[in-house]
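Only one structure is covered here, and it is reproduced in the block below.
Derivation of every value follows stated rules applied to the coordinates shown; laboratory data play no part. Just so you know, these numbers come straight off a predicted model, no measurement behind them. Because the Cβ atoms are built from the backbone with ideal geometry, glycine has one as well, and the counts that use them run over all protein chains shown.
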Amino acid sequence: MTVGLPAFLLLAALLFSLGLYGVTSKKSAVMVLMSLELMANAVNINLVAFSRFLTPEKMTGQVFAMFMMVVAAAEIGLGLALVIALYRQTKTVELDHINELRG
Amino acid sequence: MQQYAVLIPELIVLVAALVALFADLLGGDRVAAMVGAAAAAMAAVVVWLVPVPEALFGSMLTFTHGTTTLMLRSGIAGLTSLFLLWVAARGWAGVRAREAVALTLFSTVGSMLLISASDLVTLFLCLELATMPAYVLMGYSAEDKRSLEGALKYFLMSVLTSLVMAYGLSFVFGMNQHTSYSPLQVAGPAWLGVAVSVLVLVGFLSKMTAAPFHYWVPDANEGAPSASVAFVAAISKIAPVYAMVRLLAEVLPTSDGLSRVVMICAVVSIPLGIFAALVQTDVRRMVAYSGISMAGYMMLGVAAATPAGYASAVFLVAVYAVSVLGLMLVVAQEGGTFADIAGLVKRRPVAAWSAVVYLFSIIGFPPMVGFYGKLGVLSAAYRAGYFIPVLIAVLMSVVAGGYAFAVIRAMFTPGEGAPEETGIPAPVDATEYPQAPALAGTVIVVLAGLSLGLGLIAEPLISLLQASLS
Amino acid sequence: MNILVAIPLIPALVFFLFFLLPRATRTKMLFLPIGAMAVSLVLSLMAFSTVFPGAEKLAEHGAQFTSYTIGVIGGVPLNISLRLDALAALMLLVVTIVGMAVQVYSLSYMKGEERIGWYYAVLSLFTAAMLTLVLAGDFLLFYMSWEVMGLCSYLLIGFWNTNDEARRASIKAFLTTRVGDVGFAIGLAYMWATVGSFDIPTVLGSAHTWGPGVATAIALLLFFGAMGKSAQFPLHIWLPDAMAGPTPASALIHAATMVAAGVFLVARSLPIFEASGVALQVVLIIGATTALLAASMGSVQHDIKKVLAYSTISQLGFMFMGLGTGNVSAGMFHLFTHAFFKSLLFLGAGSIIHSLHTQDMREMGGVGKSMKVTTVTFTVGTLALSGIMPFSGFFSKDLILDHLWREGHYVIYSVALASAFLTAFYMARLWFRVFSGTPRKAGHAHESDMKILSPMIVLALLSVLAGATTLVFGEFLGSETEWPSLVMGGASTIVALSGIGLGWALFGNGRDPEAVRARASKVYMIVTNRFFLDLVAEQYIAGGYNRLSEKVNWFDKKVINGIVNGVGVACRQAGTQLRRLQAGRVQVYQRLVVAAVLVLVLVAVLATGV
């Protein structure tokens, strides 16, 4: 049995949805960042799968995925820095408690 | 080798950013800001001097829209230069400015490159390069939890929408099987292409602060240092709007569904932004909401999907940036709440009257330049047959007068406190930073002059943009 | 340079000069705006003489215009132009004469004000805008100057910007007139879409080809703008509040010129209204409603300037009634005479306020003995407004009544007659309270100086003489006017005299209803009051009437004001509700974003078709 392109797309979609769920419902900011990472990886799977199955002779998708990883790593690093800085001030990483600004 | 000369402006700004990072060795904040301002000004000029090739790096960057590309790159660099000049005069809200200057310049490089990006990879990279420094700038007061909270909200919302966009881009790649800009090849039902396009648009809508992706803007604006808001709310909005126009024109399918989505966002954004702006008592929050409504006006032009509509949308975002930059700089030196600016006209008549010019330009009062921008998008949308949305937009622009008047009223009403009795101005961000009010005042007056003066040449400018976009 | 360009340009230049000068220098250079005004006045007279007196000369010299292209919309050039015709020439005279009078008057009235230079600067800008408006050869320039006038009005009402009431009134005035302007702007857009031109002769020439539906829509939209500017029901609420501004500014802007701009707009675009027919009826009805309501509200005010403000609203209603008959002269002649006698009344009121330092009529009294010149001129204004022969108001009001009767609008005619009665009554009430009797709380008055009195004397002369131009006026504008007929003139004179009579009976000789009530038990009452029916009048007629007026007043304050303010409140309410959406929790935002993405994808997919 060969695993085709649809299977990879489905896997990516599942990962992406899982990530979305995590982002919108996890209490801890760290978990939210992890969920964002899941979504980024779903995008990467998509890119690599398209490249592998549709244009196996070129590496475009893989290169795109590399860039995505770099960007995602930078972003998550930045996010963690923000969360830590906020933790120093408020002693919490629970997003529900971070709601001073509103209106 | 010669074709790479086109990137000299970006290179100049990049070098200045690196220099600013090592400003400790040179003498400090003011040197960093001055170097940045000088470099950005130089870049703004050099853009016009270097030869421009068709494409670069195997069409990862293209410069097809001649004049528009040049104008926008030069405009972004020029506004950054004015902004940094002000920073050199006033500092950065009581914190070390040199890293902020470097971040500003990095973001400017991203914005300038984004103008010529014509490949999904460069598009995504430049967009992120332009945005990531902005997160840091919004949370720049690391001791202030409000600033951090706003930045975290900005970060979470922006990354979420960026990833939705990236997910959409991965499908665009899958359908086209390459990453350079070309019309989307949909193998299968048309709605697939449209659904993917909506996912891609989400990222841009969020960056240009359109409803319903706007939630972070008011919170982030209120918490952040006003100087950061001045940069993020004004200058860093220009490039994404143009990038979205390019993507719509060159890649995404023209379909009813897509233009309907853009139109829905426009019709939601305009009233939402204006109504919510009416009840604010903090200019930074008000600017956030007025930016939301302005995104709606831009999308009216985008939805028209004609060269005239695109040109007016791009023109509107650029001139809006001029006025908002000025307004936020006034706020940055005088304070953001209505209580802070009470009686401003007595203390700082120049700043107060300039603020009046900015506000009139923002609400689109003739003969300020904002009026011509709005007129352009409205007539383009009207010509494209969007009668009801245009009617809503026109009616709402009357209501918009309300929030502008609220601010003007606050500035012209003597405050409760004692400042104007003692005659001593009370700068909110009083720091040890050596102030240079004359230089800051010059920047503010220049921006007010632009808000007025660009109005006089608005007509030819829009035609130029339109000619190069069609 | 063309004389037409110079007329508005000179005051405008003064404004820009004053804008740049420092405050101290401005205060020393007040001769500049007055000099500019004088030059404009002379130039206007010259312009007038080129087209006066009649059709032949107009055909020869009139419609000379200067045109500039300011932009291109969709390949069609957008022109602004200045054009001189009979209507414009007439308005030039009104604006420059009243403007001159007010500027001289202000020298003394505003003396010692810290920001007098700014006051004169705005006055100059206003004059420039109004002159541009009357000369405008296209609706675009018309609209632009219309908006500038609105801005000047805002600045002048809020001139005493430390006064909270004045500030609020200025914002209210600006926003209420802006409501009307929205209609005007949409009307202009519709006009552009229909004709593809803003040029006034082109537009008016093609009006009859539009079809009644389009003509009605455009006419009503334009009229909506006129209602805001000319304070017609239900957009009249800003004008009484606008009295918080300096009195001479009220005389110029809120009596003679700017508020008349709405009337001028309808007169200018009358062919569109005629092409519609329905629109003319609407103008008639709104005018009549406003005239009656405002007159009755004017009868219960105690603030002398508010009485005059309501009176202005009411008289503007008369002008619209005149235009509603489809006759240009009927409306414009009243505009012409009203400009003189109403600005005279405002300046007179200003002179009294200047001397007594109060605007409350209950604190005034016996002014007649100490301020002779003011009394005489004010009396001329009062009689002219009441419509007594041979003062000008008699002729112009009669022309309106005459046309209403002849066109068969009998109901409107009787409403107009009732309003005329009330007009005479409230003016008599005002006159007797202020000038007769003995000085009350405010103390003794002293006469003002010549800078204040001389403009009033000139305006008083014009108020007397303007009526004599009845026949020439009609000929000049190219629509028939006649002397009042014996029957019509007699009817309106009787009505006016009985209005004054009622006023005298209630307020003459320093009486006022409260005092009458106090004396009611004495023998004096049995003779005098019964004889004059004072008690009956006070108890039943005046009492009932007062209650009614107060009801109307209440309705006006609560309901109409409420609705207009309500729009503002509703906007703010919408804002407050939207704030709730912004609850501060980032994950709520994120859920909303995810939901929005799903909805948008769904909308797009469904619109494309699955």
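Extending 7 Å from Cα along the Cβ direction at C:HIS208 and again at A:THR90 yields two label points whose distance is 7.4 nm. Across segment B:2-469, C-alpha contacts under 8 Å between residues 6 or more apart give a mean separation that, scaled by the residue count, equals a relative contact order of 16 percent. The magnitude of the dipole of segment B:2-469, with charges of +1 and -1 set on the Cβ of Lys/Arg and Asp/Glu and taken from the Cα centre, is near 560 debye.
C:LEU78's amide H: which non-local residues (gap 5+, or another chain) put their own amide H closer than 5 Å, with H modeled 1.01 Å from N in plane and none for Pro or chain starts? Residues meeting the criterion, in which the H sits 1.01 Å from N, are C:ILE70, C:GLY71, C:VAL72, C:ILE73.
Suppose R0 equals 30 Å; then what is the FRET efficiency for B:ALA467 and B:GLN3 from their Cβ-Cβ distance, rounded to the nearest 0.05?
Working: r = 24 Å, r/R0 = 0.81.
Efficiency at R0 = 30 Å is approximately 0.80.
Shape call for segment B:1-149 from the C-alpha gyration tensor, a ≥ b ≥ c root eigenvalues: rounded (a/c under 1.5), prolate (a/b greater than b/c) or oblate? It comes out prolate by the Cα gyration axes. Counts of other chain beta carbons within 10 angstrom of each beta carbon in peptide B:186-194 average 3.
May I ask you to compute the full-extension gain from A:LYS27 to A:ASN99, defined as 0.36 nm times their residue separation minus their alpha-carbon distance, rounded to one decimal in nm?
24.6 nm
If you average the C-alpha positions of segment C:270-326 and of segment B:1-45 separately, how far apart do those two centres end up, in angstrom? Using only Cα atoms, the two centres lie 67 Å from each other.
Exceedance of the 18 Å cut-off in Cα-Cα distance is limited, within the set C:LYS306/C:LYS342; B:LYS153/B:LYS207; C:LYS28/C:LYS111; A:LYS26/B:LYS145; C:LYS305/C:LYS342, to A:LYS26/B:LYS145.
Counting every other Cβ atom within 10 Å of each residue's Cβ, C:TRP483, C:TRP146, B:TRP353 order from fewest to most as C:TRP483, B:TRP353, C:TRP146.
Determine the distance separating the Cα centre of segment A:1-49 from the Cα centre of segment B:253-285; give it in Å without decimals. Centre-to-centre (Cα) distance: 30 Å. Taking every alpha-carbon pair in segment B:2-469 and binning the separations at 20 Å intervals from zero gives 27, 60, 13, 0 percent. The string of couplings for segment A:26-35 from the Karplus curve (6.51, -1.76, 1.60, θ = phi - 60°) is 6, 6, 7, 4, 5, 5, 4, 5, 4, 5 Hz, one whole number per residue in order, with x for Gly and Pro.
Phi-derived couplings, Karplus 6.51 cos²θ - 1.76 cosθ + 1.60 at θ = phi - 60°, listed residue by residue for segment B:394-407: 5, 4, 5, 5, 6, 4, 4, x, x, 6, 5, 5, 4, 5 Hz, with x used for Gly and Pro.
If I take all pairs of Cα atoms in the protein assembly as shown, what percentage of them are more than 48 Å from each other? Tail fraction, whole percent: 38.
Taking 7 Å steps out from each Cα toward its Cβ at C:LEU486 and C:PHE31 produces label points 5.8 nm apart. Around the amide H of C:GLN359, modelled in the peptide plane, lies no amide H under 5 Å away from a residue 5 or more places distant or on another chain. Quick check: the angle from helix B:369-383's long axis to the longest principal axis of chain B, C-alpha only, nearest 10 degrees? Between helix and principal axis, roughly 30 degrees.
Given 0.36 nm per residue, what is the gain on full extension from C:LEU461 to C:ASP303 after removing their alpha carbon distance, in nm?
Stretched out fully, the C:LEU461 to C:ASP303 stretch lengthens by 54.2 nm.
Label point of B:ARG96 set 7 angstrom out along Cα-Cβ; within segment B:15-29, amide nitrogens under 17 Å from it belong to B:17-29.
Derived scalar couplings between HN and Hα for segment B:126-131 equal 5, 4, 5, 5, 6, 8 Hz in order, rounded to whole Hz, by the Karplus curve 6.51 cos²θ - 1.76 cosθ + 1.60 (θ = phi - 60°), x for Gly and Pro. Amide H contacts under 5 Å for B:THR337: B:VAL283, restricted to partners 5 or more places along the chain or on a different chain, H placed in the peptide plane at 1.01 Å from N.
Which shape class applies to segment A:19-69: rounded if a/c is under 1.5, otherwise prolate when a/b exceeds b/c and oblate if not, where a ≥ b ≥ c are the square roots of the Cα gyration tensor eigenvalues? Before the final figure, lay out the partial values.
Numbers: a/c = 6.60, a/b = 3.01, b/c = 2.19.
Here segment A:19-69 falls in the prolate category.
In this simple spin-label approximation, B:ILE457 and B:GLU143 carry label points 7 Å from Cα along the Cα→Cβ vector, and these lie 4.5 nm apart.
Taken residue by residue and averaged, Cβ atoms of other chains lying within 10 Å of the Cβ of A:74-87 number 5. Shielding by partners for peptide A:88-96, expressed as the average number of C-beta atoms from other protein chains within 10 Å of each residue's C-beta, is 3. What angle, in degrees between 0 and 90 and rounded to the nearest 10, separates the Cα long axis of helix B:256-278 from the longest principal axis of the Cα atoms of chain B? So the inclination is approximately 10 degrees. Computed from the Cβ-Cβ distance with R0 of 60 Å, the FRET efficiency linking C:VAL603 to C:MET46 stands at 0.40.
With Cα atoms defining each centre, segment C:148-188 and segment C:221-255 are spaced 9 Å apart in the structure.
Run the helix sum for chain A: -39,500 (n - 2.57) per DSSP H stretch of 4+ residues, divided by residue count, reported at 222 nm to the nearest 500 deg cm²/dmol.
Values: 3 runs with 78 residues, N = 103.
It comes out at -27000 deg cm²/dmol, rounded to the nearest 500.
Shape analysis of segment A:5-97 places it in the oblate category; the axes a ≥ b ≥ c from the Cα gyration tensor give an a/c of at least 1.5, with a/b not above b/c.
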